[in-house]
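Worksheet for the structure shown next.
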Amino acid sequence: MTDTDPTVHTRRVLLKLSGEAFGGGAVGVDTTVVRRVASEIELAARHGVQVAIVVGGGNFFRGAQLSQAGIDRSRGDYMGMLGTVMNCLALQDFLEQEGQATRVQTAITMGQVAEPYIPQKAIRHLEKGRVVIFGAGAGMPYFSTDTVSIQRALEIHCAEVLMGKNGVDGVYTADPRKDSEARMFTQLSYKRALVDNLAVMDASALSMARDNNMRIRVFGLEEPGNVTKALEGDQIGTLVCGGDSLTR
């Protein structure tokens, strides 16, 4: 793909994938799941969407859980950051098997496997049609990959953040597995998401999104084709934004 014509509007989005998505709910990498997600990302990229990705590492390590088991919290968080890089490399491999040029950038320098995170270089990769995967979180302990996804999206000028979730297809008024009266929001305000403590992302990430008016779309990962639909702008799942809250 050639450089993007500046006179043509190109959709640029950031896809947040949890570690649980990579592991299929288990420890390690579920290659069947990652291969499917990679094929759906490649399709959207082939259609001209500029795709950046932040990946979690919960299928390997979670710093908060490790600290409860007696490991120093900062050290546990760094272990979690390394787990995200393993997921980055797995996703990169499957994307390149699909024929999609991909670059991994990490917040912790590890030159043999990835580039350092440089926002302008990431933007240049996106303009050239490459998928960019961000690993190692923020490179600092106590920062979640939810917060990193908002920060990266703001810094590289994305239109919205897409949160792929396992087990749900959007954000509900209550847990739909426990409450038959629960209704899914088609649109949810930042304020209600924060006040009602709805399971969108952690509060610091959601506050950053609200303060900078970064739209978030929460959708289900398990339905085949949903990743492509979300990347291409289909109105699936729940849109979290500054407007009113609406349910269906």
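The values are calculated or read from the model by the stated rules, or taken from the named source; none is laboratory data. Remember, it's a predicted structure, so these values are computed and weren't measured experimentally. Reconstructed Cβ throughout: ideal geometry from the backbone, glycine too, with neighbour counts over all protein chains shown. Just so you know, the surface numbers come from the protein's heavy atoms only, side chains and all, with ligands and any DNA or RNA stripped out. Shrake-Rupley method; radii C 1.70, N 1.55, O 1.52, S 1.80 Å.
A Gaussian network model of the chain, with springs between Cα atoms under 10 Å, assigns the largest mean-square fluctuation among G139, G99, G56 to G99. Taking θ as phi - 60° and the Karplus parameters 6.51, -1.76 and 1.60, the scalar couplings of the range 187-202 work out to 9, 9, 7, 4, 4, 5, 4, 6, 5, 8, 6, 6, 7, 9, 6, 5 Hz in sequence order, x denoting glycine and proline. Using a Gaussian network model of the chain in which every pair of alpha carbons under 10 angstrom is joined by a spring, one finds that among Q100, Q120, Q187 the greatest mean-square fluctuation is at Q120. Largest accessible area first, the listed residues E20, E96 line up as E96, E20 when surface is computed with a 1.4 Å probe on the assembled protein chains. Other residues within the sphere of radius under 13 Å centred on the Cβ of G237, judged by their own Cβ, net out at +1 (K and R +1, D and E -1). Using the 1.4 Å probe convention, the accessible area of the chain works out to 47 Å² per residue with neighbouring protein chains retained. Within the assembled protein chains, the solvent-accessible surface assigned to K121 is about 90 Å², based on a 1.4 Å probe. For the chain, DSSP calls about 15 percent of its internal beta bridges antiparallel. The candidate values are (1) 14.1; (2) 20.4; (3) 13.4; the one derived from this structure for mean projected area of the Cα convex hull in nm² carries the label (3).
Between E181, E232, E222, the residue with the greatest mean-square fluctuation in the GNM of the chain (Cα pairs under 10 Å linked by springs) is E181.
Protein-only accessible surface at a 1.4 angstrom probe places the residues F134, F60, F143 in the order F143, F60, F134, largest first.
Within the accessible area of the chain, what % is carbon and sulfur when the probe is 1.4 Å and the other protein chains stay in place? The partial results should precede the final answer.
Details: 5750 of 11580 Å².
After summing per-atom areas, the C and S share lands at 50 percent.
For K178, the lysines whose Cα falls under 19 Å of its own Cα, not counting residues fewer than eight places away in the same chain, are K165. With Cα atoms defining each centre, the range 173-224 and the range 6-43 are spaced 20 Å apart in the structure. Specify which residue in the list G57, G24, Q92 is farthest towards the positive end of the charge dipole of the range 18-99, using unit charges on the beta carbon of Lys, Arg (+1) and Asp, Glu (-1), about the Cα centre. Working it through, the farthest residue towards the positive pole turns out to be G57. Ranking T32, T173 by solvent-accessible area of protein heavy atoms (1.4 Å probe, all protein chains present), from largest to smallest, gives T32, T173.
Based on Cβ point charges of +1 for Lys and Arg and -1 for Asp and Glu, what charge dipole magnitude is obtained for the chain about its Cα centre, in debye rounded to the nearest 20?
On the way: 26 positive and 28 negative charges, 54 e Å.
The calculation lands at about 260 debye.
Counting only residues at least eight positions apart within a chain, or on another chain, the aspartates and glutamates with an alpha carbon under 14 Å from that of K121 are D3, E155.
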